[in-house]
Every structure is written in C-alpha cells, then in structure tokens.
Amino acid sequence: MEWLHGHLREPSTRDAIARQSAMSVRTLARRFQERTGTLPLQWLRTARVRRAQPLPQTTALSVERIATEAGFGLASAFRERFVRIVGTTPKRYRQAFRLQAG
C-alpha cells in the first residue's frame, strides 16, 4: 500500500500492483480487502480523488487538468468517482466554496 501512495498519479493495473507486491492478483485482492475493506483499484481511485479534492477549491485548474494531476486517464472517470465519493461534481464543489468565500 505504501507503494500505491507514492504512485497515485501513475497508471496502475491489478497486474502491476500484484507484481509490485510480489503476489498473484487473487492473493493481492484477498489480502488487500482483508486489510482495507476494499479492492486495490477501488482504493486507488478513492485515494486519487481524496488527494485531488482540495484542488477545485484552492486552484483555478480545469477539471480536466485536475483529473490528469490526480492520475485519472479521463476527466469523465474523475468526475464520476468524485461524485460517488464527495457527493457533488467538481464544478459544483468549486462553486460552493466560492459562495462561502464571497
């Protein structure tokens, strides 16, 4: 898991994570879920969103740029995951903080 924290922006697959962990994909999934309650790629997507979550409120970066900075290949994938985790779109999240500040 430490390796994943240090490589959030890099494209990752189950196979690559398993190789890095010196485990089979199935063993990695089982052990990872036992430890975290989630599967490796689900954890990775959530960690990417959590790391990127402050960016809409603290920068003027476009959602596309934030998605890239967070390690998502597509802005649409970032938006979808952001909505699942945060409960709103990145754009509305940004607007909410602007309203609070203004």
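Read the figures in this text as sums done on the coordinates, not as results from a lab. Source: prediction; values computed, not measured. All Cβ positions, glycine included, derive from the backbone under ideal geometry; neighbour counts span all protein chains shown.
Quick notes on this structure:
- Listed residues ARG26, ARG51, ARG79, most fluctuating in the chain (Gaussian network, C-alpha, under 10 Å): ARG26
- In sequence order, calculated HN-Hα J values of the stretch 27-42 (Karplus, 6.51, -1.76, 1.60; Hz; x Gly/Pro): 5, 4, 4, 5, 5, 5, 5, 4, 7, 10, x, 9, 7, x, 6, 5
- Among THR27, THR68, THR46, residue whose mean-square fluctuation peaks in a GNM of the chain (springs only between Cα atoms under 10 Å): THR27
- Choice from GLU34, GLU80, GLU64 with maximal GNM fluctuation in the chain (Cα, 10 Å cutoff): GLU34
- Rounded FRET efficiency, nearest 0.05, which uses the C-beta distance separating GLN100 from LEU41 and R0 of 30 Å: 0.35
- Cα-based Rg / Dmax (Å) for the chain: 15.2, 52
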